[in-house]
Every structure is written in structure tokens, then in C-alpha cells.
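**Q** Take this structure first; my questions come after.
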Amino acid sequence: MFSKILIANRGEIALRIIRTCRELGIATVAVHTTVDQDAMHARLADETVCIGPPRGPGNRESYLNDAAIISAALVTGAEAIHPGYGFLSENAEFAEHVAEQGITFIGPSAEHIRIMGDKRRAKETMLALGVPCVPGSGESLDSLDNAMALAGELGYPVFIKASAGGGGRGMKLANSEAEFESAFLSGQQEALAAFGNPEVYLEKYLDNGRHIEIQVFGDGKGNAVHFGERDCSLQRRQQKLLEEAPSPVLSDTVRETICTLSARTAAQLGYAGAGTIEFLYQDNSMYFIEMNTRLQVEHPVTELVYGIDLVEEQLRIAAGLPLSRKQADIKAGGHAIEVRINAESVPQFLPQPGRVALYHAPGGPGVRVDSALYSGYTIPSNYDSMIGKILVSGKDRATCTARMRRALSELIIHPNRTNVPLFMRLLETDEFTSSTYNTRWLEQWVETWQD
Ligand code: ADP
């Protein structure tokens with residue numbers, strides 16, 4: 001096992017990684033920008049290295065400055081780098097640069113990051129392995145006429161997706177042929193602007209789907225296991241807000257089939273470390289949409305249901321140790337729900353940075369809080385508005401729902417506005433209780449709010 005690692009991230013995920021390291025006796029190095037010098041991850045790590053202003057040379061985000069981060073690892077003698085999620089976590093070149101310096105990248109091979117980071121290639125790869133995918137264009141499309149002909153064959157509505165897209169961005173919906181041209185052209189332009197690559201492909205838009213994702217883990221030597229699914233269908237603008245496990249809509253047969261297929265696929269790929277294979281589930285069928293080659297924001301849902309530390313598992317694999325459990329020994333129990341607390345107003349969804357005068361986290365039975373907040377902390381405007389995650393676990397979904405209401409009622413983040421009121425309302429709806437929603441429902445529901 002490693003004796004010291006560097007964490008190339010900030011916020012709650014940096015803290016999350018520090019926590020496991022501390023339990024395992026691994027020293028941690030935090031990197032931080034000048035606005036993050038008082039951030040909790042910098043306070044709790046054993047060593048810190050400032051990597052400059054929020055935007056460094058060339059106006060580039062400093063948490064993306066791979067040279068500065070790798071230098072920090074070399075100077076402090078860190079043996080490995082954990083990238084967390086976001087930032088450099090799915091950057092194949094970063095993984096290569098880290099390895100070139102004799103440092104271990106805590107994640108899969110650069111090759112796997114590259115294949116899955118190109119969503120079109122990812123689908124091609126999965127199809128070849130017998131994984132069902134959302135119907136769409138196999139090849140990338142540069143001609144409008146070809147694309148439009150294909151959209152007609154697929155049938156509207158269709159999604160125009162950036163091959164290099166991610167984070168809920170880089171998708172354009174065309175409801176009809178009349179909308180296609182402008183959606184296609186703006187999709188290409190935005191793909192180039194946001195991801196530096198104009199390549200787009202088409203996908204049939206599934207308008208009544210659930211987002212089901214499978215947590216897989218590979219040892220890089222052809223062995224892989226799964227830790228069940230998470231249902232992440234409550235979203236706004238293709239971004240998840242509430243996640244849970246197990247999914248309330250899957251039968252045991254469907255669950256077993258998709259989980260086994262996912263683990264088999266990870267094994268066939270020779271995949272190393274944590275991965276998430278994402279599907280849309282509609283009309284009793286699963287359709288692959290993408291694979292994330294990193295730890296997910298919502299990974300603690302799985303940790304609660306399976307009683308496992310996924311960060312420890314990542315460290316084990318990166319250190320060349322075998323998977324800690326065989327599939328037969330991996331057992332799920334009970335239910336877990338996570339909500340993402342964002343510093344934003346509802347229902348306007350405008351960012352609300354600023355000083356938190358008073359912070360009080362909920363506690364008690366079955367509550368887990370992953371957050372880097374503290375009283376007196378100033379939420380910077382430079383980063384994502386997610387400031388923490390509240391998780392609850394219990395014997396079943398109803399227990400978790402009551403527990404989440406109770407936990408949210410204890411949470412104080414004063415005087416800042418957050419999206420907590422949205423969850424308080426959501427947990428009261430018939431749709432939530434009966435789990436009768438698709439990935440589009442929450443957004444449409446919020447639009448009907450009168451106040
Ligand atoms: P990202 O990597 O940007 O998060 P994903 O491919 O994971 O993008 O998709 C995010 C969400 O977008 C999905 O959970 C789903 O709600 C929606 N989505 C993606 N593809 C489709 C599709 N073909 N039809 C309907 N919804 C889709």
C-alpha cells in the first residue's frame with residue numbers, strides 16, 4: 001500500500017479521500033488555489049501545496065494545471081495521485097504524464113479513459129462486447145444532410161451529442177425535422193467551444209427512461225465485480241440531484257442480468273479500478289449511454305448499501321493488490337438515498353456564493369454527511385455550486401425518505417440559499433413516493449411551481 005498520496009481535487013471529494021487515507025495510515029498532500037487556502041481539504045491534509053490563483057497561466061483553471069500538480073507530487077514525495085471526480089479525473093494525458101514521472105495514477109489505464117471519454121467510441125466498444133446501446137449513429141457525423149437523413153430513420157425526437165461531452169453538457173434535442181438543422185449546427189459549435197472537438201453523433205431520445213448505473217470494479221488483470229446499481233433518474237438539465245440504491249423500479253431478474261453483464265464487460269475490457277456503466281432503462285430494456293472511468297459523486301450510496309469503502313478499494317487496485325471481495329461475498333442490504341446540496345436558489349437555480357455564518361450538519365441514526373463546509377467558510381464563486389451531500393440509509397425506502405426529511409430539517413446553512421427546499425417538496429410528492437417518474441419529470445415539475 002502507498003505511504004503518501006496527493007489529491008488533485010477540492011471540496012467534499014478531497015475530504016472524502018483524506019478520510020480513507022487517514023484510516024489506512026496513508027499521508028495526504030492537498031493542492032489548493034489561493035481562494036481555497038482556508039478550505040477544509042487544505043486544513044485536513046497532512047501537507048499542502050498552493051498551485052496558484054483560481055485561474056493560472058493562460059487563464060486556465062489551476063486544478064487543471066497538470067504540470068503544477070505533478071510537480072507538487074514530486075516535491076512532496078507522493079507515490080500516487082487520486083484525481084477525485086471532475087477536473088483531471090478523466091483526462092488520459094494527465095494519467096500518462098503522471099505515469100511518466102513514476103507516480104501511480106489512481107484510476108484505470110489511459111487507454112480506457114481515452115476510449116470511454118469519447119462517447120461514440122465507447123458505444124462502439126460496448127456494442128462489440130454485446131452490450132445493448134441506445135440506437136443512434138455508429139459513426140461521427142459532419143454533413144448536415146447525412147445527419148438529417150439518419151435522424152429521419154431513427155425517428156424524432158433525437159439527441160445530438162458531443163463525442164467529447166460530459167457533465168450533462170454537450171447534448172442538443174431536436175423534437176422534429178424543423179428543429180434539426182439549428183440543433184445540429186449549434187451542437188457542433190458548442191462541442192468545439194466547450195470540449196475542443198466538434199465531433200457529434202446522434203442518439204434516439206428515450207423520453208420515458210430511468211437512469212440506472214452499475215458500479216463495477218476491475219483489477220486490471222481480467223477480474224471484475226459489481227456493486228449493484230444506483231437509480232439517478234431525478235435530474236435537472238441532465239444533472240443528477242437525488243440518487244438511491246437499490247432502484248425501486250428494477251425486478252431482481254433485470255437487476256441480476258444487467259449487473260452481471262456490466263461486471264463481465266469490465267472483466268473483458270481488462271478494466272482497472274472503479275468504473276460506472278450508465279444505462280437508460282425504458283420499456284423493460286437497458287440501453288448503454290456511457291461509462292465513467294472514475295469515482296462518482298454518488299458513490300457513497302453504494303458504500304452504504306454494500307458496507308464497503310470504494311476509495312479503499314481504488315487504493316488497493318492502484319497499489320497492485322487484488323480485489324478485496326469475490327462476487328459471491330458481495331451482499332447488499334437495506335436502502336440508501338443521497339441528495340446533492342447546491343448553493344443555488346430555487347426555483348431560479350442561480351448560484352449563491354458567499355459566507356456561511358452558521359453551519360450545522362444533521363446527524364443521528366443512518367445519516368452521513370459528505371461536505372467541506374464549516375461555519376465562517378466562504379463559498380467561492382469560482383467552482384461548482386455543489387457544497388455537500390446528505391445521505392441516509394435504513395432498512396427500506398420509506399425509512400430512508402422519513403430519515404432524509406428529518407436530516408434536512410436539521411441542516412443549517414445560514415444565511416445562504418440552497419436547494420434544500422426543493423428536496424423537502426420533492427420528498428412529499430406522490431411521484432417520489434410511488435417512484436413513478438422518468439429522467440425528465442423533475443425538471444418539468446419544477447417549472448410548474450407557482451411561487
Ligand atoms: P453526461 O456524461 O454529460 O452526464 P450522460 O450520457 O451520462 O451525460 O447523460 C446524462 C443524462 O442525460 C442521462 O441520465 C439522461 O437523463 C439524459 N440522456 C442522455 N442520453 C439520453 C437519450 N438518448 N435519451 C434520453 N435522455 C438521455
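The values are calculated or read from the model by the stated rules, or taken from the named source; none is laboratory data. Predicted model, so just to flag it, every value in this text is computed and none were measured. When we count neighbours, we look across all protein chains shown, and the Cβ atoms used for this are built from the backbone with ideal geometry, even at glycine.
**Q** Pairs, please: C-beta under 7 Å, at least 6 apart or cross-chain, first residue closer than 24 Å to L206 by Cβ and in region 262-280, second aromatic (F, W, Y)?
**A** Here the result reads I277/F288; F279/Y287; F279/F288; L280/Y287, each pair linking region 262-280 to a residue that is aromatic (F, W, Y).
**Q** Checking the condition surrounded by fewer than 16 Cβ atoms within 10 Å (Cβ to Cβ) and either modelled with pLDDT of 95 or more or not in a helix (DSSP H, G or I) (or both), which residue from E256, E229 passes?
**A** Values: E229 fails: surrounded by fewer than 16 Cβ atoms within 10 Å (Cβ to Cβ).
Of E256, E229, the one residue that is surrounded by fewer than 16 Cβ atoms within 10 Å (Cβ to Cβ) and either modelled with pLDDT of 95 or more or not in a helix (DSSP H, G or I) (or both) is E256.
**Q** Conditions: (1) in a loop (DSSP other than H, G, I, E, B); (2) surrounded by fewer than 13 Cβ atoms within 10 Å (Cβ to Cβ); (3) of a type outside the set (V, I, T). F349 meets all but one. Number of the miss?
**A** Failing condition for F349: (2).
**Q** Now for a separate question. Taking G167, is it more than 11 Å from the ligand (Cβ to nearest atom), farther than 20 Å from Y287 by Cβ, at pLDDT below 95 and touching a strand residue (DSSP E or B) at 6+ places or on another chain (Cβ under 8 Å)?
**A** Working: more than 11 Å from the ligand (Cβ to nearest atom): no; farther than 20 Å from Y287 by Cβ: yes; at pLDDT below 95: yes; touching a strand residue (DSSP E or B) at 6+ places or on another chain (Cβ under 8 Å): yes.
For G167, the condition - more than 11 Å from the ligand (Cβ to nearest atom), farther than 20 Å from Y287 by Cβ, at pLDDT below 95 and touching a strand residue (DSSP E or B) at 6+ places or on another chain (Cβ under 8 Å) - is not met.
**Q** Considering region 196-226 alone, what residues qualify as being part of a strand (DSSP E or B) and either among the polar types (S, T, N, Q) or away from the ligand (no atom under 15 Å from the Cβ) (or both)? Reasoning before the result, please.
**A** Taking region 196-226 as the starting set, the residues that turn out to be part of a strand (DSSP E or B) are 200-204, 210-219, 224-226.
Hits for region 196-226 are Q215, V216, F217, G218, D219, A224, V225, H226.
**Q** So, L127, is that one more than 13 Å from the ligand (Cβ to nearest atom) and either under 28 Å from the mean Cα position of the chain (by Cα) or closer than 30 Å to D384 by Cβ (or both) or not?
**A** Numbers: more than 13 Å from the ligand (Cβ to nearest atom): yes; either under 28 Å from the mean Cα position of the chain (by Cα) or closer than 30 Å to D384 by Cβ (or both): yes.
It is true that L127 is more than 13 Å from the ligand (Cβ to nearest atom) and either under 28 Å from the mean Cα position of the chain (by Cα) or closer than 30 Å to D384 by Cβ (or both).
**Q** Which residues, counting only those in region 94-123, are assigned to a helix (DSSP H, G or I), within 15 Å of the ligand (Cβ to nearest atom) and out of contact with any helix residue (DSSP H, G or I) (no Cβ under 8 Å at 6 or more places or on another chain)?
**A** Filtering region 94-123 for residues assigned to a helix (DSSP H, G or I) gives 94-100, 110-117, 119-123.
Next, only the ones that are within 15 Å of the ligand (Cβ to nearest atom) stay: 113, 115-117, 119-123.
Hits for region 94-123 are K119, R120, K123.
**Q** On to the next question. Can you name every one of the strands (runs of 3 or more DSSP E) wholly within region 362-451 that holds 2 or more residues which are touching a helix residue (DSSP H, G or I) at 6+ places or on another chain (Cβ under 7 Å)? Full working, then the answer.
**A** Working: elements: 367-371, 386-394, 412-414.
Passing ranges, in order: 367-371, 386-394.
**Q** Restricting attention to region 321-344, report how many residues are surrounded by fewer than 14 Cβ atoms within 10 Å (Cβ to Cβ) and either on the phi > 0 side of the Ramachandran plot or free of Cβ contacts under 8 Å to residues at least 60 places away in the same chain (or both). Before the answer, list the steps.
**A** From region 321-344, those surrounded by fewer than 14 Cβ atoms within 10 Å (Cβ to Cβ) are 321-322, 326, 328-329, 331, 333; that's our starting set.
Restricting the remaining residues to those that are either on the phi > 0 side of the Ramachandran plot or free of Cβ contacts under 8 Å to residues at least 60 places away in the same chain (or both) gives 328-329, 331, 333.
So the count comes out to 4.
**Q** Taking the stated definitions as given, is E190 in contact with a Gly (Cβ under 9 Å, 6 or more places away or on another chain), assigned to a helix (DSSP H, G or I), within 15 Å of the ligand (Cβ to nearest atom) and acidic (D, E)?
**A** In short, yes.
**Q** Out of P380, P415, I need the residue that is within 20 Å of R10 (Cβ to Cβ), out of contact with any Lys or Arg (no Cβ under 7 Å at 6 or more places or on another chain) and not aromatic (F, W, Y). Which one? Steps first, answer last, please.
**A** On the way: P415 fails: within 20 Å of R10 (Cβ to Cβ).
The conditions single out P380.
**Q** Consider region 146-164. How many of its residues are more than 16 Å from the ligand (Cβ to nearest atom) and in contact (Cβ under 8 Å) with a residue 24 or more places away in the chain?
**A** As a first pass, look at region 146-164 and keep what is more than 16 Å from the ligand (Cβ to nearest atom): 146, 148-149, 152.
From what's left, in contact (Cβ under 8 Å) with a residue 24 or more places away in the chain: 148, 152.
Count: 2.
**Q** Only one of these is closer than 28 Å to G196 by Cβ, touching a residue at least 60 places away in the same chain (Cβ under 8 Å) and of a type in the set (G, A, S): G52, G56, G86, G77. Name it.
**A** Working: G52 fails: touching a residue at least 60 places away in the same chain (Cβ under 8 Å); G56 fails: touching a residue at least 60 places away in the same chain (Cβ under 8 Å); G77 fails: closer than 28 Å to G196 by Cβ.
So the residue among G52, G56, G86, G77 that is closer than 28 Å to G196 by Cβ, touching a residue at least 60 places away in the same chain (Cβ under 8 Å) and of a type in the set (G, A, S) is G86.
**Q** Name every residue in region 200-219 that is buried (at least 21 other Cβ atoms within 10 Å of the Cβ) and within 16 Å of A151 (Cα to Cα), in order of residue number.
**A** Within region 200-219, V200, Y201, L202, E203, Y205, L206 meet the criteria.
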